[in-house]
Amino acid sequence: MKYRIWTQEETDILLQLISAAKTISEIQKVFPYRTESSIRSAAAHHGLTVSRYSAPEINFGAFKELMKG
């Protein structure tokens, strides 16, 4: 397979997606021609990591309510 260099536009979009905490599967929808490895390598090149899973949704309101008591 031929290596395809990331364009500046692709890199900018990738960094925005990572900053927005998008998962690898979500990012691959934007870059269907990029492998998971390619996306991870591009992120690592910029000192970032990509999560395989979404961050858990924590109900902080419920947490605070429980901790009052």
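The values are calculated or read from the model by the stated rules, or taken from the named source; none is laboratory data. No experiment lies behind these values; they were computed from the predicted model shown. Here Cβ is always computed from backbone atoms with ideal geometry, including for glycine, and neighbour counts include all displayed protein chains. The accessibility values were calculated without ligands, DNA or RNA, using every heavy atom of the protein model including side chains. Shrake-Rupley method; radii C 1.70, N 1.55, O 1.52, S 1.80 Å.
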Q: Hey, can you tell me all the residues within the range 16-33 that are free of Cβ contacts under 8 Å to residues at least 12 places away in the same chain and among the hydrophobic types (A, V, I, L, M, F, W, C)?
A: ALA20
Q | Search result, residues across the range 5-24 that are surrounded by 12 or more Cβ atoms within 10 Å (Cβ to Cβ) and of a type outside the set (A, V, I, L, M) | A | TRP6, GLU10, THR11, LYS22, THR23
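Just to be sure, is LYS2 assigned to a helix (DSSP H, G or I), basic (Lys, Arg) and either without any contact (Cβ under 8 Å) to a residue 60 or more places away in the chain or open to solvent by less than 70 Å² (accessible area, probe 1.4 Å) (or both)?
Values: assigned to a helix (DSSP H, G or I): no; basic (Lys, Arg): yes; either without any contact (Cβ under 8 Å) to a residue 60 or more places away in the chain or open to solvent by less than 70 Å² (accessible area, probe 1.4 Å) (or both): yes.
Criteria not met by LYS2.
Residue-by-condition table, conditions (1) without any contact (Cβ under 8 Å) to a residue 24 or more places away in the chain; (2) at negative phi:
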position: LEU14; (1), (2): no, yes
position: THR35; (1), (2): yes, yes
position: SER41; (1), (2): yes, yes
position: GLY47; (1), (2): yes, no
Q.
Quick test of your reading of the structure: VAL30 fulfils all but one of (1) over 24 Å from GLU57 (Cβ atoms); (2) surrounded by 11 or more Cβ atoms within 10 Å (Cβ to Cβ); (3) modelled with pLDDT of 95 or more. Name the failing condition by number.
A. (1)
